[in-house]
Structures are given as C-alpha cells and as structure tokens.
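Beneath this line is the structure, given in structure tokens, with notes to follow.
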Amino acid sequence: MKPRTKVTIEDVRDSLDTSVPTHISVRLFARPVSNLITPFFHNTGWTANGVTVARIPLAIAGVSLLAIPNPQYWMFSAVIFYVCYVLDCVDGNLARIQNDASYLGKFLDGISDAIYGIFVGFSMGIGLWLYLGETTALF
C-alpha cells in the first residue's frame, strides 16, 4: 500500500466541482464543516467507505432515540442527524480526493442515507404516542 500524501483544506475545496449545483442546506450547513474535518479523516487513514459504514450505526442510534418518549432525546437525535449529514459530505470528499469512488460505496451511501428517511416517521410516531399517550400520533 502506497503512503498517502497529506491533504489540506485547500485541497478539499479544490476537489469540488463548482459547476455541479448543490442544495442550499449543503452549501450553508454541511459543506463548510465537512471541508474542515475531511483532512483529519484522510490524514488518519479513513476511506470513504469506512466513513459511510460508521454512519450506519450512528443513524440507527439517532432513529432509535426518536422512539423514546423524551423530547431531550429527540434533540440529541437531531444532533446525530446533523453529524450524519456532515459525514455524508465527508465521505464524498474522501472519495474524490482519494479517487476511490465505487459502486459498493454508492450503494452503502444510499443505505445509510435511507435509514433516517425510512425510519424517522415510524420512530417519531412511536415516541409521540408514548409521550402523549394518544394513538393519533401513529397516523
């Protein structure tokens, strides 16, 4: 395995294709933080697939917190969701910098993205049902 070169924040910014439109939430909330922490992940040996796989249990934990009938846990779930959002940009940055995009990585990325999308409504319904004591939260 060849040694990796150190990456800086400027290298990460230079790897972005500015002609590709991105959602405003990515530009304002996720991309700035992910650009700052991507060099850490690259320089410590993380791969894009490694970050994606690490996001899966983190997302499951965040969704699980929504089923607990305590609004403080729901706020912590929102923080976990934001961390997953930033890590989604980090794995994209790593794939570009390391020239390591793969079909497996795209598949895993879709799985980890879908965990919140599929289970958030179900888990939040359970949490609200238990918190409010009414079954209307399930519909």
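The values are calculated or read from the model by the stated rules, or taken from the named source; none is laboratory data. This structure is a prediction, so every number in the text was calculated from the model and none was measured. Cβ sites come from the backbone with ideal geometry, for glycine too, and all protein chains shown count toward neighbours. To get the accessible areas, we keep the full protein, side chains included, count just its heavy atoms, and leave off ligands, DNA and RNA. Shrake-Rupley method; radii C 1.70, N 1.55, O 1.52, S 1.80 Å.
Between residue 23 and residue 82, the distance separating the two model label sites (each 7 Å from Cα on the Cα→Cβ line) works out to 1.6 nm. With contacts taken as Cα pairs under 8 Å and at least 6 residues apart, the chain reaches a relative contact order of 30 percent. If R0 equals 25 Å, the separation of the Cβ atoms of residue 33 and residue 103 corresponds to a calculated FRET efficiency of about 0.35.
Just so you know, the Rg over Rh for the chain is 1.07, from Cα atoms, with Rh as the Kirkwood radius. Its Cα gyration tensor gives segment 12-72 an equivalent ellipsoid. The semi-axes, each the square root of 5 times an eigenvalue, are 27, 18, 10 Å from largest down. Placing unit charges on each Cβ (+1 for Lys and Arg, -1 for Asp and Glu) gives the chain a dipole about its Cα centre, and among 48, 104, 28 the Cα reaching farthest toward its positive end belongs to 48. When only alpha carbons are used to place a centre, segment 87-139 and segment 25-49 end up 18 Å from one another.
So what is the accessible area of the chain per residue, in Å², with the probe set to 1.4 Å? Show your work: numbers first, answer last.
Working: 8640 Å² over 139 residues.
Here the per-residue accessible area is 62 Å².
Within the accessible area of the chain, the carbon and sulfur atoms contribute 69%, probe 1.4 Å, all protein chains present.
For the pair residue 126 and residue 73 in one chain, pulling the backbone fully straight at 0.36 nm per residue adds 17.7 nm over the alpha carbon distance. Look at the alpha carbon pairs under 8 Å that are at least 6 residues apart: their mean separation over the length of segment 1-80 gives a relative contact order of 27 percent.
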